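Contents: one structure, followed by commentary.
The values are calculated or read from the model by the stated rules, or taken from the named source; none is laboratory data. Everything numeric here is computed off the predicted structure, so don't read it as measured data. Here the Cβ is made from the backbone with ideal geometry for all residues, glycine too, and neighbour counts use every protein chain on show. Note: accessible area is taken over every heavy atom of the protein model, side chains too, but ligands, DNA and RNA are not part of it. Shrake-Rupley method; radii C 1.70, N 1.55, O 1.52, S 1.80 Å.
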Amino acid sequence: MSPALSLAHWRARLTEGKEELHRQYQHNGNALALLRHLSRFIDQLLTDLWQEMALAPGLVLMAVGGYGRGELYPQSDIDLLILLPEGETAEHDGSLEELIRFLWDIGLEVGHSVRTLSQCLEEAGKDITVQTNLLEARFICGKAELFCRFKQAIRRQLNPVSFVEAKLLEQQQRHQRYHGTSYNLEPNLKESPGGLRDLQNILWVSGALGLGYNWHELSQNGLLTREETQEIRRHELLLQNLRIRLHYLAKRKEDRLLFDHQKALAEEMGFADSGQRIASERLMQRYYRTAKAVAMLNELLLNTLREFSLPDRQADIQPIDDHFQIRNRYLEIRDENLYQQRPSAILETFLVLERNTKLEGLSPSTLRALWRAAPLIDATFRRQAENRELFMRILREHHGITHELRRMNRYGILGRYLPAFGRIIGQMQHDLFHVYTVDEHILFVVRNLRRFTVPEFAHEFPSCSRLIKGFKRQEILMVAALFHDIAKGRGGDHSQLGTKDARRFCKQHGIDDEDTELICWLVENHLVMSATAQKQDLSDPDIIAAFAARARDERHLTALYLLTVADIRGTSPQVWNAWKGKLLEDLYNATLRRLRELGETPSHTYLEERQAEALAILRHHAVADDAHLALWRQLDDSYFLRHDADEIAWHTRLLHRRVDGAQPVVRARVVQEGEGLQVLIYTHSHDYLFARICSFFERAHYNIVEAKIHTTRHGYALDSFVVLDEGKRVSHYRDVLNFVEYELSKYLEVRTPPELTPKRRVSRHLKHFPILPQVNIGPDEKNIYHVLSLVAGDRPGLLSEIAQIFVKHHIHLHTAKITTLGERAEDTFLVTGKELSKPKEILRLETDLLHQLQPVQ
């Protein structure tokens with residue numbers, strides 16, 4: 001045959017066939033038909049090509065993987081195994097290489113292996129994934145007799161018990177790779193917990209045990225009821241349709257539900273914007289609930305199949321009480337009708353699990369009974385005093401609260417008992433810093449609070465561990481955590497709406513007035529401490545006094561501190577850092593001192609105390625008693641109020657001999673447990689100084705989190721910056737300090753505007769869910785400064801761009817709090833300037849800032 005003509009012919013045949021199947025799918029939306037017909041189409045294409053190339057008759061061409069199962073997705077690889085007779089590995093190399101090359105040339109993405117039967121058996125004995133692929137290998141063409149021998153040999157090699165244990169371990173490891181939750185905002189349809197792989201794993205295990213290779217066979221063998229079979233097929237069909245459409249949209253093998261495709265997928269699946277929720281959020285909530293149901297069915301069926309794999313194991317049964325017993329380390333109900341006869345036993349199940357920490361979970365029969373009994377949790381169930389008391393006892397236990405609340409959520413119990421919680425299951429949060437759905441975030445917050453109580457983790461947050469140990473009735477914190485975000489997605493202020501839900505819960509569950517007030521206060525104010533710590537000047541006594549008045553007393557303050565730390569840590573692994581921890585701890589300690597003082601302390605007393613403490617530190621470093629005078633006489637009270645004693649002493653030690661120096665002074669030290677640097681800059685003040693400093697740190701990939709800007713009486717800038725390494729950890733810190741000190745001092749010798757920071761790609765999340773910029777400018781409470789706050793999508797160069805707008809409008813910066821929440825920038829500046837007294841000039845400033853903050857496309 002003519003290679004050129006053949007190539008064009010086969011390529012056209014492949015393209016036309018796939019396009020026709022795509023058209024059919026667009027017309028009928030039948031996922032099963034597409035997967036089956038696409039597999040058959042490729043089968044026929046390969047068979048015809050095999051025959052045309054006249055390959056040796058003793059070979060076998062087999063489909064493996066998803067193609068072997070007859071489930072070929074539009075952009076998936078074509079996984080092939082070519083089986084050779086023993087001893088004929090070399091003589092076919094040329095023809096097989098030509099075949100594979102030709103397949104790639106016509107547009108088939110082929111994953112192939114060439115082995116003899118003995119090599120297949122050897123590989124299967126070493127690797128459970130290879131063994132799984134070989135078990136579901138399917139004949140395409142070639143020598144049928146050799147294929148039959150292959151199938152028999154692979155089946156004989158199979159040890160069902162070992163296979164089951166290996167597949168369970170493999171699944172556990174896969175779930176850990178995907179963070180153990182299907183609720184990441186861009187889940188993998190195939191590999192994430194609750195995805196297609198979990199369904200496939202059930203059938204691999206049941207097939208190995210001879211109990212069925214599809215859902216119908218599992219139903220015939222008594223492993224699934226008719227209703228369960230229908231439910232599992234419904235969930236599988238949704239996942240299959242999503243994956244098919246995702247492949248067509250991406251035009252490549254893509255199994256992740258990326259933000260890039262969620263909107264288009266939602267439209268294709270018939271979802272539309274509704275109320276407070278956009279179409280993609282509705283689609284993703286449907287996916288998350290499907291994933292939760294699949295995970296539940298996976299656990300139920302794999303545990304059942306594991307029991308089938310061990311028929312001769314002697315049952316070790318230990319009674320617990322009249323209703324429950326332990327069977328081989330699993331909790332089991334003693335009467336399969338227990339939940340129907342006594343529905344309160346549903347909640348009692350989780351209490352028993354908490355109190356028996358060595359239990360590994362629920363037995364398959366109990367899990368199935370619990371699943372069937374879940375609809376019994378209705379309004380009548382929720383009104384019964386016994387059930388309300390059981391739920392509170394679950395929250396008061398000393399062990400297992402997190403595990404059991406998560407288990408209750410996984411099994412559909414928690415959302416039924418707390419309907420408000422049920423509404424936020426699977427609800428996405430497009431705020432650029434929460435990486436979990438609302439329900440998963442809430443349970444992470446509960447987990448973080450409980451982690452403070454565990455001695456083994458006391459080193460993580462020593463102050464939190466110490467405080468929670470002395471906190472009476474810790475269930476107050478658990479209830480507040482459950483309700484702090486429970487009203488998200490309803491529209492309006494979720495803190496206010498959640499407070500109403502919390503108050504209703506407390507009344508229904510007999511929580512006394514004092515504890516009810518604290519729980520509701522925590523829910524209503526759960527964002528206040530974070531906002532104060534990250535956006536306000538904590539060196540200002542009036543800020544501390546105002547926050548102390550809001551906190552009321554030490555118990556309220558401690559509870560809010562613990563909840564705030566747990567909440568921020570529960571948003572995303574990337575959001576928390578040591579700097580945020582220090583800000584919160586500093587605010588807690590300063591507020592606690594204020595609450596313990598009798599009457600108000602004048603600001604001059606704070607100033608005198610701070611100066612005295614700084615002088616004591618200087619004496620400790622053997623600095624002469626009068627050495628500070630030259631510098632301090634150039635500083636006004638605002639400097640001493642905005643810097644703590646340690647900072648004042650550090651500045652004085654470095655500058656007392658250089659008060660009138662001509663060259664810029666830059667000094668740095670490692671702070672925040674090695675995560676960042678504190679940098680002192682002392683030089684003649686000029687308009688572009690702040691912009692040049694920001695530009696330098698942006699180019700060096702450091703994030704500025706705080707800036708204290710002070711101009712001395714004789715015209716010098718004494719600025720202090722805290723910057724964090726984008727890589728989270730300062731390594732080789734001596735080299736880093738030397739680099740910053742030398743390079744920044746040289747960079748500041750130039751007084752021109754900084755060059756533009758090189759643009760970097762905007763993240764996909766920010767691209768598809770851009771933040772509408774916000775700018776607010778108003779006088780502070782003392783009417784001395786103006787507070788300028790802004791919200792925007794974070795990007796490199798943003799701060800130096802803002803700094804240059806300040807120069808344009810003759811705005812003088814005094815302090816800056818730079819808060820980055822994932823990809824959301826929330827920055828607060830304390831500023832002065834003549835233009836701030838003119839409404840028209842303020843409007844121009846706001847307009848310029850809003851224009852600059854627009855998302856970069």
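For this structure, a couple of remarks:
- Its convex hull of Cα atoms gives region 184-271 a direction-averaged projected area, equal to a quarter of the hull surface, of 6.4 nm².
- Based on protein heavy atoms only, the chain ends up with 45 Å² per residue of surface accessible to a 1.4 Å probe.
- In the chain, helical runs assigned H by DSSP with n ≥ 4 each contribute -39500 (n - 2.57); averaged across all residues and rounded to the nearest 500, the mean residue ellipticity at 222 nm is -17000 deg cm²/dmol.
- A simple rule links phi to the HN-Hα coupling: the Karplus curve 6.51 cos²θ - 1.76 cosθ + 1.60 with θ = phi - 60°, which for region 286-301 gives 4, 4, 4, 5, 5, 4, 5, 5, 5, 4, 5, 5, 4, 4, 4, 6 Hz, with x for Gly and Pro.
- Within the chain: Cβ-based charge dipole about Cα centre, in debye rounded to nearest 20 (Lys, Arg +1; Asp, Glu -1): 940 debye
- For Leu331, the residues 5 or more places off, or on other chains, whose built amide H falls under 5 Å of its own are Glu360, Gly361, Leu362, Ser363.
- Shape analysis of region 95-223 yields a ratio of the Cα radius of gyration to the Kirkwood radius, Rg/Rh, of 1.02.
- Remark on region 512-575: hydrodynamic radius 12.6 angstrom, per the Kirkwood mean of 1/r across alpha carbon pairs.
- Share of pairwise Cα separations in region 356-398, more than 12 Å, in percent: 71 percent
- Cα centroid of region 613-651 to Cα centroid of region 211-233, whole Å: 77 Å
- Charge-dipole axis of region 125-217 as Lys and Arg at +1 and Asp and Glu at -1 on Cβ define it, positive-most pick from Phe147, Asn184, Gly207: Phe147
- All-pairs Cα distance distribution in region 393-493, expressed in whole percent, bin size 10 Å: 14, 45, 30, 10, 0
- Shape call, region 813-856: gyration tensor on alpha carbons, a/c limit 1.5: oblate
- Under a 5 Å amide H cut-off, with hydrogens placed 1.01 Å from N, Leu718 pairs with His710, Thr711, Thr712 among residues at least 5 apart or on other chains.
- In sequence order, region 382-391 has phi-based couplings of 5, 7, 6, 4, 4, 6, 5, 5, 4, 5 Hz under the Karplus curve 6.51 cos²θ - 1.76 cosθ + 1.60, θ = phi - 60°, and Gly or Pro positions carry x.
- Ratio of the Cα radius of gyration of region 205-247 to 2.2 N^0.38 Å, where N counts its residues: 1.34
- Considering every alpha-carbon pair of region 509-639, the percent of pairs per 5 Å bin, from zero through the bin containing the longest distance, is 2, 9, 16, 17, 15, 13, 11, 8, 5, 2, 1, 1, 0, 0.
- Hull-based mean projected area of region 272-386, where the convex hull spans the alpha carbons, in square nanometres: 9.9 nm²
- Of the trypsin sites (Lys or Arg not before Pro) found in region 604-709, those in coil by DSSP whose Cβ has at most 12 other Cβ atoms within 10 Å are Arg633, Arg657.
- Semi-axis lengths (Å, descending) of the ellipsoid that matches the C-alpha gyration tensor of region 777-842: 22, 14, 9
- Note on region 786-825 and region 60-115: Cα centroid distance 57 Å, given to the nearest whole angstrom.
- The trypsin sites (Lys or Arg not before Pro) of region 190-263 that meet both conditions, a loop assignment by DSSP and at most 14 other Cβ atoms within 10 Å of the site Cβ, are Lys251, Arg252, Lys253.
- Carbon + sulfur, % of accessible area of the chain - ligands and nucleic acids excluded, 1.4 Å: 49 percent
- The lysines within cross-link reach of Lys469, meaning a Cα-to-Cα straight distance under 28 Å and a gap of 8 or more places when in the same chain, are Lys358, Lys507, Lys580, Lys582.
- Of Phe452, Ala691, Leu560, farthest towards positive along the dipole that unit charges on Lys, Arg, Asp, Glu beta carbons give the chain: Leu560
- Cα-based reach from Lys167 at 23 Å (exclusive), listing lysines while leaving out same-chain residues under 8 positions away: Lys126, Lys151, Lys190, Lys292
- Nonlocal amide H pairs with Tyr702, under 5 Å, H built at 1.01 Å: none
- Computed over the chain, the alpha-carbon pair-distance distribution with 20 angstrom bins reads 12, 36, 31, 18, 3, each value a whole percent.
- For region 635-737, the list of GluC sites (Glu not before Pro) that fall in a loop by DSSP and count at most 11 other C-beta atoms within 10 angstrom reads Glu726.
- Whether region 119-195 is rounded, prolate or oblate, judged on the alpha carbon gyration tensor where a/c under 1.5 counts as rounded: prolate
- Calculated over region 369-450: convex hull of Cα atoms, volume per residue (Å³): 100 Å³
- Relative contact order (%) - criterion: Cα under 8 Å, at least six apart; region: the chain: 7 percent
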